[in-house]
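Beneath this line is the structure, given in structure tokens, with notes to follow.
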Amino acid sequence: MANKEKELRQLSKLQAEAARKKPLHYIGFAMVVLTIIYIVDEITSNMNAAMQPYVLFDLFNITSRNVNSPEYTSAFNVVAPIQVFSNLLLIITPFYKALSDKYGRKLFLMLNTIGMGLGMCIVMTAQNVVWYILGMLFMMFFTPNDMQVLYIMETAPKEKRATYSFIAKGIALVSVSLIGVFSRMFLKETVPSSWRMVYLIPVVSALVIGFLSYFFMRETPVFVEQRIGYLSLTDEEREQKKKDDKANGTSEEGGVFKAIRFIFTNRQLRWILIAGFIFFATTFYTSYYATVLEGAMSTDMVATALVIYPFFNGLVTILSGFFSDKLGRKKVCLILGGLTIVGLLAFVLSCRLGFGPIAAGIAYGCSIGGLWSMSDTLILTMPAESTPSGMRSSVMGTISVLIGAGMFLGQALFIVCQNFLPMDVLFMIICLPFMVLSLVILLVKVKETKDADLDNITADTYR
């Protein structure tokens, strides 16, 4: 009875939300807010990798500031395995993300943004390794949820869905250059603890925009329509719907376990999962690029590379959004995958042959631009365009964790092998074959989704 009353209150609230007239130019305003949140997300995701050498120098009292020293290797071998096993925390995230299918996107947009800010704050104030790991766990829990991506996809016009998503992401990725700017402002080679100030402005920005988003953003129209439709059903109609779903072997209602069953029984999502799992085994190099840079050039030169690479990362991302809507998801993934491979090779050669921070920054930016744009297509865009509205958030959260197991595999293999081979050599030995295999599976087994109508996708659309 109490549950029924809660549902009636939610139904009344959503009906009032649907009846409210949106302000003029609301989509433009929403895109600005979501882009700022995207910036917070990308800075949070990149901050630890960029600052890792300096954090280890400080917390482990390494005076040589040499990433090739035995002291640094020892410190790395303490932190890196914990980082790998902390990925198990991602098992919880689909249960958390699935709640937005029931309670709405707006609440979780705020919680994710504030959570990222708090995670960076914990890292910034860490005085020991345990506190530092705790902050990283906090950040790792909130950054994969990408609620702003779901918000954009359920708010933007259908024909501009990928364009809006990739423009927002491109701007956010260019803004990652602020890490390099803050590094040049605050990071001092003679002051081991100066890395903490690099976190200050991102922490404050995340907390402020997180609180403001709850008061200025409207609930997404797709969620409002879907949830009203479900809450308006009688108990008999819901029971009949469950029977129909069971007869079809799938369910269009959210939930982690239902999402897992749907992913593995749906041919389209199953092959997306396999391609994504293999591709994500290569993403580990994005966590250790700063160590490779620090081993090849001075701290000031590293900061220059940190300023340059986000611009090329963002450029590739924005272009991929335009071409994704025009050429289709699969063709763009082939282009992006090829760019990732070429960029990674060029980055390693730039560091090895001393081409300098500009060449290294351009190469790395193009490589990760292709890497993450293709990754977003595999774990966000294509699953969202292959899943019914009622379980879209659940599937996106669940498939991101299942694909994340590939990241766990790649990182574990890398951490073991880095004791015997240089990091940059391992980048090529592990990454290149996996990238090629993922592209082949995607092109042969996965269907195109660019013209999908999110409002009318059913469990049988991609049978």
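The values are calculated or read from the model by the stated rules, or taken from the named source; none is laboratory data. None of these values were measured; they are calculated from a predicted model. A quick note on method: Cβ atoms are made from the backbone with ideal geometry, for glycine too, and the neighbour counts reach across all protein chains shown. Remember, those area values only see protein heavy atoms, side chains included, never the ligands or the DNA or RNA. Shrake-Rupley method; radii C 1.70, N 1.55, O 1.52, S 1.80 Å.
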Beyond 35 Å, what share of the Cα-Cα pairs of the chain is found? Please give it as a whole percent. 29 percent
Between Leu443 and Ser69, what length in nm is gained on full extension when 0.36 nm per residue of separation is reduced by their alpha carbon distance? 130.3 nm
On the accessible surface of the chain, probed at 1.4 Å, how many percent belong to carbon and sulfur atoms? 68 percent
Set the Förster radius R0 to 22 Å, insert the Cβ-Cβ distance between Ile82 and Val204 as r into 1/(1 + (r/R0)^6), and round the FRET efficiency to 0.05. 0.20
Could you work out how far apart the two model spin labels at Ile92 and Leu353 are, taking each label as a point 7 Å from the Cα in the direction of the beta carbon, and quote it in nm? 4.7 nm
Do the sum for the chain: with -39,500 (n - 2.57) for every DSSP H run of n ≥ 4, divided by all residues, what is the mean residue ellipticity at 222 nm, to the nearest 500 deg cm²/dmol? -25000 deg cm²/dmol
Just to confirm, what accessible area per residue do you get for the chain at 1.4 Å probe, in whole Å²? 40 Å²
Please work out how much length the chain gains when fully extended from Lys326 to Asp235, using 0.36 nm per residue of separation minus the C-alpha to C-alpha distance, in nm with one decimal. 28.4 nm
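Among the trypsin sites (Lys or Arg not before Pro) in the stretch 20-74, which ones are in a DSSP loop with at most 14 other Cβ atoms within 10 Å of the Cβ? Mind listing them?
Of the trypsin sites (Lys or Arg not before Pro), the ones in loops of the stretch 20-74 whose Cβ has at most 14 other Cβ atoms within 10 Å are Arg20, Lys21.
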Which entries in the list Lys330/Lys447; Lys13/Lys106; Lys22/Lys326; Lys102/Lys160; Lys21/Lys160 go over 20 Å, if you measure between the two C-alpha atoms of each? Lys22/Lys326; Lys102/Lys160; Lys21/Lys160
Placing each pseudo-label 7 Å from Cα in the direction of the beta carbon, Lys22 and Lys242 end up separated by a distance in nanometres of 3.4 nm
If you stretched the chain out fully between Leu432 and Leu137, how much longer would it get, using 0.36 nm times the residue separation minus the C-alpha to C-alpha distance? 103.3 nm
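Going by a ≥ b ≥ c, the root eigenvalues of the Cα gyration tensor, does the stretch 83-192 fall in the rounded group (a/c under 1.5), the prolate group (a/b larger than b/c) or the oblate group?
Verdict is oblate for the stretch 83-192.
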In the stretch 131-234, what GluC sites (Glu not before Pro) fall in a loop by DSSP, with at most 13 other Cβ atoms inside 10 Å? Glu189
Inter-label distance for Phe215 and Ala49, nm, one decimal - labels placed 7 Å from Cα along Cα-to-Cβ: 3.5 nm
Looking at the calculated P(r) for the stretch 172-327, what percent of the C-alpha pair distances fall above 23 Å? 66 percent
Tilt, helix 70-85 to longest principal axis of the chain (alpha-carbon atoms), in degrees rounded to tens, equals 10 degrees
